[in-house]
Amino acid sequence: MDRPLVRKGKRVSLGIYQREEIPRMYREFADSEVQQFLNRPDRLYYLEGEYDWYDGLKKDEKSRVMAVLLNKGAGKGRSDVEHELIGSVGIHGIDTISRNAELGYLLFRKYWGKGYATEAVSLGIDYAFQTLNLRKLIARVMEPNRASSSVLEKNGFVLAGRLTRHHYIKSYGYVDELNYELHRGSVND
Ligand SMILES: CC(C)(COP(=O)(O)OP(=O)(O)OC[C@H]1O[C@@H](n2cnc3c(N)ncnc32)[C@H](O)[C@@H]1OP(=O)(O)O)[C@@H](O)C(=O)NCCC(=O)NCCS
């Protein structure tokens, strides 16, 4: 599928969501393991609601949500690279005065553990700092979500603080929220 790319990486890229991908996203996001650290167990997701979300996204100046795309065919002597949707990276709550925002991400479950999230987040950071000209990103992680902390730490985020027993997850009870931050340059910039 032809689509504008926002960032092209070695194994994954970031691109513009296509409306026809909404049903696929809806199915993949409904996975209970994908949802467990996103703290919205009480919500009922309707397919129609996802279309509303998509329509809102196009007008939302405070967010940039991008499709994470697997570069298929790359490295096999092919110059034409096909892309398969495997998840999402979002920059939310963009504050143009303080020049900060919050980073979020998720991959469809079958693509976990291959380093794709680490690369997708690095592309999201590059977009936030180089294109949006932000100076700082934050990310919030429920403590048992070790894979997410690892993705952030591999991208240079540092732990800035924690909110104790902040979220309730059925299988863990009350868990801490870890607050990570990443400055573009020095902390004094
Ligand atoms: C968080 C998420 C994006 C990570 O995706 P991923 O594909 O596993 O990420 P990567 O493969 O790039 O890196 C994961 C790292 O975490 C490590 N990891 C995974 N599970 C772990 C665990 N239980 N304990 C410690 N480290 C763990 C992996 O070993 C890997 O590190 P390595 O490359 O040094 O080996 C994915 O699990 C996801 O989409 N989860 C659901 C949504 C979500 O929680 N989003 C984040 C909200 S803050």
Inset, instruction - State, to one decimal in nm, how far the label point of residue 170 lies from the label point of residue 29, with both points 7 Å from Cα in the Cβ direction. - result: 2.0 nm
Legend entry - About the Cα centre, charge dipole magnitude for the stretch 5-139 (Lys/Arg +1, Asp/Glu -1 at Cβ), debye: 600 debye
Legend entry - Highest-fluctuation residue, 15, 156, 56 considered, GNM on the chain with Cα pairs under 10 Å: 56
Inset, instruction - Quick one: which residues, 5+ away or cross-chain, put their amide H under 5 Å from the amide H of residue 12? H built at 1.01 Å from N. - result: 71
Legend entry - Whole-Hz ³J(HN,Hα) from phi, Karplus 6.51 cos²θ - 1.76 cosθ + 1.60, for the stretch 161-171, glycine and proline x: x, 9, 9, 7, 6, 8, 10, 9, 10, 3, 7
Inset, instruction - Counting residues in the chain as N, plug N into 2.2 N^0.38 Å and put the Cα Rg over that result. - result: 1.04
Legend entry - Vicinal HN-Hα couplings computed from phi for the stretch 138-145 (Karplus, 6.51 cos²θ - 1.76 cosθ + 1.60; Hz; Gly/Pro x): 10, 8, 10, 10, 6, 3, x, 7
Legend entry - Highest average packing first - 120-128, 86-94, Cβ atoms within 10 Å: 120-128, 86-94
Legend entry - Amide hydrogen neighbours beyond the local backbone of residue 83, cut-off 5 Å, H modeled: 72
Inset, instruction - Taking H placed 1.01 Å from N in the peptide plane, check which residues at least 5 places from residue 136 or on another chain put their amide H under 5 Å from its amide H. - result: 101, 184
Legend entry - the chain: Lys pairs at Cα distance under 14 angstrom, eight or more positions apart or on different chains: 5
Legend entry - Estimated vicinal HN-Hα couplings, Hz - the stretch 7-19 in sequence order (Karplus 6.51, -1.76, 1.60; Gly, Pro = x): 9, 10, x, 5, 10, 10, 9, 10, x, 7, 5, 9, 4
Inset, instruction - With a point put 7 Å past each Cα toward its Cβ, work out how far residue 53 is from residue 36 in nm, to one decimal. - result: 2.0 nm
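Just so you know, all these numbers are worked out from the coordinates, no wet-lab data involved. These numbers were taken from a predicted model, which means no experiment stands behind them. Virtual Cβ from ideal backbone geometry, glycine too; neighbours counted across all protein chains shown.
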